[in-house]
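Below you'll find the structure, written out as structure tokens, and then a few comments.
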Amino acid sequence: MLWFVGLGIGGPDSLSDKTKKIISDADVVYFEQFTSPMKNDESQRIKELTKGEFKFAPRWLVEDGKEILDSAKTKNVVMVSYGDPYIATTHIELRTRAIQEKIQTDTVHASSAITSLVGECGLHYYKIGRTVTIMSGIPSSTAYYTIYENLKVGNHTVILLEYNQNEDFFLNPKSAIESLLESEKEQVRKVISDATYGIVASRIGQQDQKITAGSFASLKKTDFGNPPHTVIIPGTLHFTESDALKVLARCIDEPNDNSSKIERIASQMMKRYVPMVRRALEQITPHYKDAKEFHSVLENAELYIRDAEIFFEQGKDELAILSIGYADGLVDALRIAKGIEPETSS
């Protein structure tokens, strides 16, 4: 038998009598701490509840899973973790393997810091988009584009920050902000700036929890105290979200809408390429005024430019980009045929 038991965000104090009995009756209790840290006194209290064997479970032990699964084939085994056990994909995989090996499993669900912090900040959970993680020393381009995609549709982005159990390391929110600003310099999509509005949720569920909100410029100057921390980049804020955030958080700056600042990549491309291709077409046309066999090519290039503009107005971004690409290709071929250098763009 293999139990997956969540401690919630309140730690041992929030355990029901039923959950305490499950832990107490176990032959082996594995206490997983790599997804989120627990204080030593809280770990000790879980250990005191255990009448059987008590073991700390590092990441490698859970990911390998062999020891846990072998024990669960003949013993009553409990895997205890912070928050809800299935927030961690590692735990889902372990449960899947257990079922495949004909091991009975059961679960005690509990609140997760990831879901709880959204409500603690006053945000609407149904507006949470894809969640991302930022690691130290690793480019945050994936996080950057995820934030962009979420903001385009008005969704909020939860950003988890690296926690390394072995090195007792937590990524500081300010380091995550700097990483995103560096990504902006590389990607240049006008997604992240010092004006970007962010929320830092610190130590959610603990007595000293704190929520701080403000522009990145302000947050970079802020001391958030001890970890763990999570960063949220809000998208479109409903007025009830803004009102709640101002009450529930320390707002250095007034709540601000990040989504309204976002311009679609297609829009950025169209603003650049349509005028450029049209100028190039105007430049090359006089060179073919006496070559009637090329008039249809010139006409097609013009039609592709018009199609691109129409598709863009209709919100058909992919077709718009394809059309302006076709126009650019035709114009470029005509230019090369005449040996004309392209116009230098400013």
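Neighbour counts of C-beta atoms inside 10 Å place Asp317, Asp194 in the sequence Asp194, Asp317, starting with the fewest.
Once the gyration tensor of the Cα atoms in the chain is diagonalised, the equivalent ellipsoid follows with semi-axes of 54, 25, 16 Å, ordered largest first.
Taking 0.36 nm per residue of sequence separation and subtracting the Cα-Cα distance, how much length would be gained by fully extending the chain between Gln104 and Lys185, in nm to one decimal? All intermediate terms of the calculation are to be shown ahead of the outcome.
Working: separation 81, 0.36 × 81 = 29.16 nm, distance 5.14 nm.
Gain in length upon complete extension: 24.0 nm.
Averaging the Cα positions of each part gives two centres, and for segment 166-237 and segment 91-145 these lie 19 Å apart. Each distinct pair of alpha carbons in segment 114-261 adds a 1/r term; the inverse of their mean, the Kirkwood radius, is 15.1 Å.
Quick one, could you list the DSSP H helices from the chain stretching 30 Å or more along their long axis (Cα atoms) with average Kyte-Doolittle hydropathy of -0.5 or above? Going by DSSP H runs, the hits are 317-338.
In this label model, Glu48 and Tyr145 are separated by 5.1 nm, measuring between points 7 Å along each Cα→Cβ vector.
Given the C-alpha atoms of segment 1-114, compute the convex hull and give its volume per residue in Å³.
Details: hull volume 9.6 nm³, N = 114.
Hull volume over Cα atoms, normalised by residue count, gives 84 Å³.
Note on Thr96 and Leu303: the extension gain reaches 69.0 nm, defined as 0.36 nm multiplied by sequence separation minus the Cα-Cα distance.
Residues in segment 244-279, backbone N under 12 Å from the label point at Thr236 (7 Å along the Cα-to-beta-carbon vector): list them, ranges by number please. Taking a point 7 Å out along Cα→Cβ of Thr236, the residues of segment 244-279 whose backbone N falls under 12 Å are 258-261. Legend: Rg and Dmax of segment 183-238, from Cα coordinates, 12.9, 41 Å. Relative contact order, whole percent, for segment 150-211 stands at 15, derived from Cα pairs under 8 Å and 6 or more residues apart.
Once the C-beta distance of Leu248 and Asp70 is scaled by a Förster radius of 56 Å, the resulting FRET efficiency is 0.75 to the nearest 0.05. Of all beta bridges that DSSP places with both ends in the chain, some 40 percent have antiparallel geometry. Between the amide H of Asn155 and those of Thr236, distances stay under 5 Å, these residues lying 5 or more places away or on another chain, with hydrogens modeled in the peptide plane. Fewest-first ordering of Tyr163, Tyr30 by other beta carbons within 10 Å of each residue's beta carbon gives Tyr163, Tyr30.
Read the figures in this text as sums done on the coordinates, not as results from a lab. All figures in this text were calculated on a predicted structure; none of them were measured in a lab. So basically every Cβ, Gly included, is an ideal-geometry build from the backbone, and we count neighbours across all protein chains shown.
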